[in-house]
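The values are calculated or read from the model by the stated rules, or taken from the named source; none is laboratory data. Note that the coordinates shown come from a computational prediction; the quantities given were computed from them, not determined experimentally. Quick reminder, even Gly has a Cβ in these numbers, built from the backbone with ideal geometry, and neighbours come from all protein chains shown. Each accessible area value is taken on the protein alone, full model and side chains, heavy atoms only, with ligands, DNA and RNA left out. Shrake-Rupley method; radii C 1.70, N 1.55, O 1.52, S 1.80 Å.
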Amino acid sequence: LVQYKAKRGDCNVPQTQGKLGRWVNTQRKLYKKGKLAQDRVDRLNSIGFKGALKEAVPTVPWETRFNEFVQYKAKHNNCNVPKSQGPLGRWVNTQREV
C-alpha cells in the first residue's frame, strides 16, 4: 500500500487491483465496523488511508423529513414522492418499506 501511494499519490486502491485491492477493501470493511486493531488504524492513518471513501451524509431528523413531506403534499396535493426526488424521495421510500 505504501508503494501504491508513492506511485499514485493516494490509498484508493480499486477492489479490482488484485490482492492489494482485496486487502484494502477488507481493511476498509473492518475499519467501518470498528473491528480493526488500533495499531493498524494508526499505521493506515499515518499514510493517509481513508477508512470511508464517501463522506458521511449528515443525518436529518425524522421530524424534519416529515415536515418536508407535509410541504410536498400541500404543494402537489398528493403523497406520491418519487424515489428520484432526492433525499425526500428516498426518505418516503424508506418509510413505505418499514
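Under unit Cβ charges (Lys, Arg +1; Asp, Glu -1), what dipole magnitude, rounded to 20 debye, does the chain have relative to its Cα centre?
Here the size comes out at about 460 debye.
Percent relative contact order of the chain, based on C-alpha pairs within less than 8 angstrom and at least six residues apart?
For the chain, the relative contact order is 17 percent.
Could you run the Karplus curve 6.51 cos²θ - 1.76 cosθ + 1.60 with θ = phi - 60° over region 22-35 and give me ³J(HN,Hα) per residue in whole Hz, x for Gly and Pro?
Listing the rounded values in order: 5, 5, 4, 4, 5, 4, 5, 4, 4, 4, 5, 7, x, 10 Hz.
What figure, in Å² to the nearest 10, do you get for the accessible area of Lys29 with a 1.4 Å probe and non-protein molecules left out?
Number for this one is 120 Å².
Would you compute, from DSSP H runs of 4+ residues alone, the mean residue ellipticity of the chain at 222 nm, taking -39500 (n - 2.57) per run and dividing by the full residue count, rounded to the nearest 500?
The helix-only estimate for the chain comes to -18000 deg cm²/dmol at 222 nm.
Suppose R0 equals 30 Å. What FRET efficiency, 1/(1 + (r/R0)^6) with r the Cβ-Cβ distance, do Leu1 and Lys32 give to the nearest 0.05?
Calculated value: 0.95.
Can you list the lysines whose alpha carbon sits under 22 Å from that of Lys7, skipping same-chain ones fewer than 8 residues off?
Lys19, Lys50
Listed highest first by mean packing, meaning other Cβ atoms within 10 Å per residue, what order do 85-93, 59-67 come in?
Taking the mean over residues of other Cβ atoms within 10 Å, the ranking is 85-93, 59-67.
Which sequence of Glu68, Glu97 reflects their accessible areas, 1.4 Å probe, from the largest down?
Largest accessible area first, the residues go Glu97, Glu68.
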